[in-house]
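The next block holds one structure in the form of C-alpha cells; read it before the comments.
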Amino acid sequence: MFDRNFESFNVGDTYISSSRTIRPEDIDIFAEWSGDHYPLHTDETYAKSTRYGERILHGLGTLSISFGLIPLKAPEVIALYGLDHVRFLRPVTIGMAIHVRLVCTNLRHHEQGGIVQVHMTTEDHDGNPLMSAEITMLMRRQS
C-alpha cells in the first residue's frame, strides 16, 4: 500500500497482503532477537499446560511480521510516523497463515510530506482478526 506518493491515496483505499505461514523458527528467532524467552513462546511443555495448548508467537512478533507484509517503497515512504491502539485479539500459532488488511482512514498535509493513516488488521486465512493497530506514515508528496 505504501508504494506511491501521498496524492495517490484516498480515504477508503483497501489493501490485502499476501499470506505468510508462521513457523517454529519465527518464534525462536524473535525470542532470541528480542530477549523475550517467556515459556509460553519458547517451552513446548509449558505451553501445552496453558489455555492455548501450544506455543504462540509473541504479540510484538505478530506486529513485526505483519508490518513486513506491507509493501514499502523508497523514496515514497519517508518514515513510520506513529503506531497507536495496538491490540492483540487472538493468539497466533505455529502453522497459521496470516495476512494483513489495511484501510486508509485519514489523509492530511504535513510540512515534510503527507500523513497517511490506516487501520491495520492482521487476519487468519478465514478473515478472523488476530491483531489490530492504527498506523501513521509520513509519505512523499509530488514535487
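Each value in this text was obtained by applying a stated rule to the coordinates, not by laboratory testing. Just so we're clear, the structure is a prediction, and the values are computed from it rather than from any experiment. All Cβ positions, glycine included, derive from the backbone under ideal geometry; neighbour counts span all protein chains shown.
See the values below:
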| read-out | value |
| --- | --- |
| First in segment 1-30 and under 24 Å from residue 74 (Cβ atoms), second anywhere and among the acidic types (Asp, Glu) and assigned to a loop (DSSP other than H, G, I, E, B), Cβ under 7 Å, 6 or more apart | 2/76; 3/76; 4/76; 5/76 |
| Condition met for residue 51 (basic (Lys, Arg), loosely packed, with under 11 Cβ neighbours inside 10 Å and within 21 Å of residue 130 (Cβ to Cβ)) | yes |
| Residue 27 touching a Ser or Thr at 6+ places or on another chain (Cβ under 8 Å) and assigned to a strand (DSSP E or B) | no |
| Subset of segment 100-112 [assigned to a strand (DSSP E or B) and over 17 Å from residue 13 (Cα atoms)] | 109, 110 |
| Residue count for segment 40-58, restricted to those that are among the hydroxyl-bearing types (Ser, Thr, Tyr) and over 22 Å from the mean Cα position of the chain (by Cα) | 4 |
| Selection within segment 30-50 - assigned to a loop (DSSP other than H, G, I, E, B) and either under 30 Å from residue 142 (Cβ atoms) or of a type outside the set (Gly, Ala, Ser) (or both) | 36, 37, 38, 43, 50 |
| In segment 92-143, residue farthest from residue 61 (Cα to Cα) [restricted to those that are of a type in the set (Ser, Thr, Tyr) and surrounded by fewer than 19 Cβ atoms within 10 Å (Cβ to Cβ)] | 143 |
| So residue 115, is it among the hydrophobic types (A, V, I, L, M, F, W, C), under 12 Å from the mean Cα position of the chain (by Cα) and either part of a loop (DSSP other than H, G, I, E, B) or closer than 20 Å to residue 14 by Cα (or both) | no |
| Unique match (being in contact with a strand residue (DSSP E or B) (Cβ under 8 Å, 6 or more places away or on another chain), in a loop (DSSP other than H, G, I, E, B) and either of a type in the set (Lys, Arg) or more than 21 Å from residue 7 (Cβ to Cβ) (or both)) among 53, 95 | 95 |
| Residue within segment 10-21 that is outside any loop (DSSP other than H, G, I, E, B) and surrounded by 18 or more Cβ atoms within 10 Å (Cβ to Cβ) present | no |
| Residue in segment 81-89 that is within 15 Å of residue 134 (Cα to Cα), assigned to a strand (DSSP E or B), touching a residue at least 12 places away in the same chain (Cβ under 8 Å) and more than 18 Å from the chain's Cα centre (by Cα) present | no |
